[in-house]
1. Return yes or no: is residue 35 surrounded by 12 or more Cβ atoms within 10 Å (Cβ to Cβ), touching a residue at least 40 places away in the same chain (Cβ under 8 Å) and assigned to a helix (DSSP H, G or I)?
2. I'd like the full set of residues that are closer than 22 Å to residue 11 by Cβ and among the polar types (S, T, N, Q), limited to the range 26-82.
3. Applying the selection to the range 60-84, what residues are of a type in the set (A, V, I, L, M) and farther than 14 Å from residue 1 by Cβ?
4. When you check residue 60 against the structure, is it at negative phi and in contact (Cβ under 8 Å) with a residue 12 or more places away in the chain, yes or no?
5. If residue 50 satisfies every condition in (1) charged (D, E, K, R); (2) within 24 Å of residue 22 (Cα to Cα); (3) at pLDDT 95 or above but one, which is the exception?
6. Specify which of the listed residues (74, 45, 87) is at pLDDT below 90 and out of contact with any Pro (no Cβ under 8 Å at 6 or more places or on another chain).
7. Residues 81, 64, 58: which one is out of contact with any Gly (no Cβ under 7 Å at 6 or more places or on another chain), loosely packed, with under 11 Cβ neighbours inside 10 Å and assigned to a helix (DSSP H, G or I)?
Amino acid sequence: MIQVHITEIRALVLQYMVRDALIQHSPDTNIKRLMLFSDSLIKDEARHIKYSAEIFENYASRDNNKDFFYQMFEDRLRDFNELTKEELDREEIDL
């Protein structure tokens, strides 16, 4: 579930980035519709993030789970970053 949470955060950031790019290249007549659609996607991602964050907070606050959970989150974030680097290398994307 931690990996999914991290993916949702990335998806939210990407939604904001994509929206800005799409607005720059859309006719004025489409911008309002594009914004409504984009807002819907952003709200959906934010709801997913909030929901899983509440579950994590509840879990971490019970029965001395905090250290275990923090370590798991750190490990999953490291795994996620490594996977992202591999994907960027495979696609030959320079940052």
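The values are calculated or read from the model by the stated rules, or taken from the named source; none is laboratory data. The model shown is predicted, which means the values in this text are computed figures rather than measured ones. Cβ placement follows ideal geometry from the backbone for every residue including glycine, while neighbour counts extend to all protein chains displayed.
1. Judged against the criteria, residue 35 is not a match.
2. Hits for the range 26-82 are 26, 38, 40, 52, 81.
3. 83
4. Answer is no for this residue.
5. So residue 50 meets the others, but not (2).
6. Only one candidate passes the filter, namely 87.
7. 58
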